[in-house]
Amino acid sequence: MIADPERRESAPTSEREQQIQQGDAAKSNWYVRAFRMVVRALFGVLFRVRVVGLKNVPGTHTIVCINHLGWTDVFLVLLFFPVEPRIYVMGEAEVKDISAFRRWVINSLQVFVMLDRSKPVLALRTMEDVLRRDGSILICPEGRLGTQEGQLQPLQQGAAHTSVITGVPLLPVGLTGPSQLWLRRTLVVRIGMPIAPEDFQGSSRERTHAMTDRLATEMQKLLPGDREKPRIKLLQRWLTKLL
């Protein structure tokens, strides 16, 4: 699950477990490109993916903000956004240890920023380091799994706070379809316009609040709640709970 750094519950982790790509964080290695190509092909077999507003993705690093409905959310961004600058995923520390395969994938790709809720400052510093090295960050500002298509839960302020202190814009993204999956399900990714921190005035606290409100408004606009009602939903239970 993706999460917002401002929530305070915790599972233990340590700084040495943060296996993040060093050097230029925007660059993608050959094995990352190969992984992306293979998994994107698999997604093309299982689902129909539609991306709207790809031209809105900045050519430089950004803080990608998505609503969280299911396991495909992260893949939809990592596979269908531009391969560079690289996008690093903010996630719960315990997610890494769900399986040995998942741990191997996360360690190999080196894009997972682990959130230890007992050490939120460490997560924020790791995010800031990635952004300052020109990488992008993917975060779910709701901080929890959504319960209904087309509806956005109240946002936490961590994404906007990070934007204010780093000067990196927020990019609102709305996902529809991932909550219930079946074979050839249509998954829609709608990308809004970047929200620049310099467009907001006042203290850091005031700017953070204002940016969070704007982000919520822009994300909700991207969530029309697309409805698909096929007669047969092949592999629904298996695909919905796959990862």
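The values are calculated or read from the model by the stated rules, or taken from the named source; none is laboratory data. Bear in mind that the values here come from a model prediction, so they are computed numbers and not experimental data. The area values use the complete protein model at the heavy-atom level, side chains included, leaving out ligands, DNA and RNA. Shrake-Rupley method; radii C 1.70, N 1.55, O 1.52, S 1.80 Å.
Amide H contacts under 5 Å for Leu115: Gly91, Glu92, Ala93, restricted to partners 5 or more places along the chain or on a different chain, H placed in the peptide plane at 1.01 Å from N.
With contributions of -39500 (n - 2.57) from each DSSP H run of at least four residues, the per-residue ellipticity at 222 nm computed over the chain stands at -10000 deg cm²/dmol. For Lys229, list the lysines whose Cα falls under 22 Å from its own Cα; do not include residues on the same chain fewer than 8 positions away. Counting by Cα, and skipping residues close in sequence, Lys229 has these lysines nearby: Lys241.
Normalising by the residue count of the range 85-215, find the relative contact order in percent from Cα pairs under 8 Å and 6+ residues apart.
Numbers: 161 pairs, mean separation 25.9, N = 131.
Relative contact order here is 20 percent.
Look at the alpha carbon pairs under 8 Å that are at least 6 residues apart: their mean separation over the length of the range 27-147 gives a relative contact order of 37 percent.
Computed on the chain, with alpha-carbon pairs under 8 angstrom and 6+ residues apart, the relative contact order is 29 percent. Residues whose amide H lies under 5 Å from that of Leu138, counting only those 5 or more places away or on a different chain, are Val64, Tyr88, Val89, Met90; hydrogens are built 1.01 Å from N in the peptide plane. Estimated at 0.36 nm per residue, the fully extended path between Val105 and Ala196 surpasses their Cα-Cα distance by 29.5 nm.
In this view, the solvent-accessible surface of His68, computed with a 1.4 Å probe and all protein chains in place, comes to about 10 Å².
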